[in-house]
Amino acid sequence: MPSTGTSPARPKAEARQSYSVNKLEKRIRRAAGKAIEDFGMISDGDRIMVCLSGGKDSYTLLTTLRYLQRVAPVHFELIAVNLDQKQPGFPEHILPEYLEAEGVPYRIIEEDTYSIVKDKVPEGKTTCALCSRLRRGILYRTAKALGATKIALGHHRDDMIETMLLNMFYGGTLKSMPPKLVSDNGEHVVIRPLAYVREKDIQRYAAAKQYPIIPCNLCGSQENLQRKVIKEMLQTWDRQYPGRIESMFKAMTQVVPSHLADASLFDFHGLAATGVADPNGDTVFDPPSLGDPRAFIQDDEDSAQIPILKVE
């Protein structure tokens, strides 16, 4: 019998792949919408500058915000901004071609920070810190020129956990990347709509969408080794102890100052017995209340009902 050239299994595999990508996309949209609502990230009339680096995170951020822009009951504008820092080999055509094809308003800002960094940082040392400060100042200036009311960054849940551990291990502080903050010059509100989104979901989604990824190592700088160690540690934990990463992130959302040791956050001097039972009293030796931490962000179709940016 002559072959038809089409395997019966292929349409089924393609259908399964399409279903999986659609489910993944919905999960990312729900998580982003919930974060936006939880932290009041977007208001009616906002003009949001979306910082687009050409990496998987910023592409996913832009795609997700464009979807929410279409379905949200509030009106807001989006403008994508990329900073061309003049690294040798930077493919400057990729983002303009992508954004024009998608019909996204954009600006490409050209600033030769590469030469400044190479001049100031000794050979072999990581350039990330100085590069980041220069980039931040340029983006703030651009946001002001564009009349942007919000600056959206593509940091995700794993970035926030990594930053918390970096600060604990190397900085002696208990802090992370907040989902929303005022810029260090006091003039801008910075938002991270992907704060609830897992990096592994973004990786799968970016691969499925076939984004034209621009590598972040064009400057030749050494990778931040401390962050690399933390990332590898978390990835190992995720494989060996499913749910641990979700539990860690949930802990970041349920802080109890009275059970830490920062006297500026809790009045330990004024603490006294009242004779009234206190559910937040000394239960330090009690076993933790164990549940499934993965339930923090539900994966069912009806979860994450979002009043401001409701995602269907």
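Read-outs: derived from the displayed coordinates by stated rules, not from any lab. Note that the coordinates shown come from a computational prediction; the quantities given were computed from them, not determined experimentally. A quick note on method: Cβ atoms are made from the backbone with ideal geometry, for glycine too, and the neighbour counts reach across all protein chains shown.
For the range 42-59, take each phi angle, set θ = phi - 60°, evaluate the Karplus expression 6.51 cos²θ - 1.76 cosθ + 1.60, and give the result in whole Hz per residue in order, putting x for glycine and proline.
Per-residue couplings from phi come out as 10, 10, 4, x, 5, 10, 9, 8, 9, 7, 10, 8, x, x, 4, 5, 6, 4 Hz.
For the range 157-171, take each phi angle, set θ = phi - 60°, evaluate the Karplus expression 6.51 cos²θ - 1.76 cosθ + 1.60, and give the result in whole Hz per residue in order, putting x for glycine and proline.
Going residue by residue, I get 4, 5, 4, 5, 5, 4, 5, 4, 5, 4, 5, 5, 6, 10, x Hz, with x marking Gly and Pro.
Counting other C-beta atoms within 10 Å, which of Thr274, Thr173, Thr113 has the fewest, and how do the rest follow? Mind dumping the intermediate values first?
Details: Thr274 7, Thr173 11, Thr113 21.
Ranking Thr274, Thr173, Thr113 by Cβ neighbours within 10 Å, fewest first, gives Thr274, Thr173, Thr113.
Can you tell me how the range 137-212 classifies by the Cα gyration tensor, rounded, prolate or oblate, using a/c under 1.5 as the rounded cut?
Working: a/c = 2.52, a/b = 1.10, b/c = 2.29.
Taking the square roots of the gyration eigenvalues as a ≥ b ≥ c, the range 137-212 is oblate.
I'd like the distance between the alpha-carbon centres of the range 27-98 and the range 139-171, rounded to an integer number of Å.
If we compute the Cα centre of each part, the gap is 13 Å.
Going by C-beta contacts inside 10 Å, put Met41, Met252 in order with the fewest on the left. Before the final figure, lay out each step's value.
On the way: Met41 24, Met252 15.
So the residues, fewest neighbours to most, are Met252, Met41.
Is the C-alpha gyration tensor of the range 63-198 telling us rounded, prolate or oblate? Criteria: a/c under 1.5 is rounded; beyond that, a/b larger than b/c is prolate, otherwise oblate.
Values: a/c = 1.77, a/b = 1.13, b/c = 1.57.
Here the range 63-198 falls in the oblate category.
Quick check on the exposure proxy: order Phe39, Phe249, Phe268 from fewest to most C-beta atoms within 10 angstrom. Don't jump to the answer; show the numbers that get you there.
On the way: Phe39 17, Phe249 21, Phe268 11.
Going from sparsest to densest Cβ surroundings: Phe268, Phe39, Phe249.
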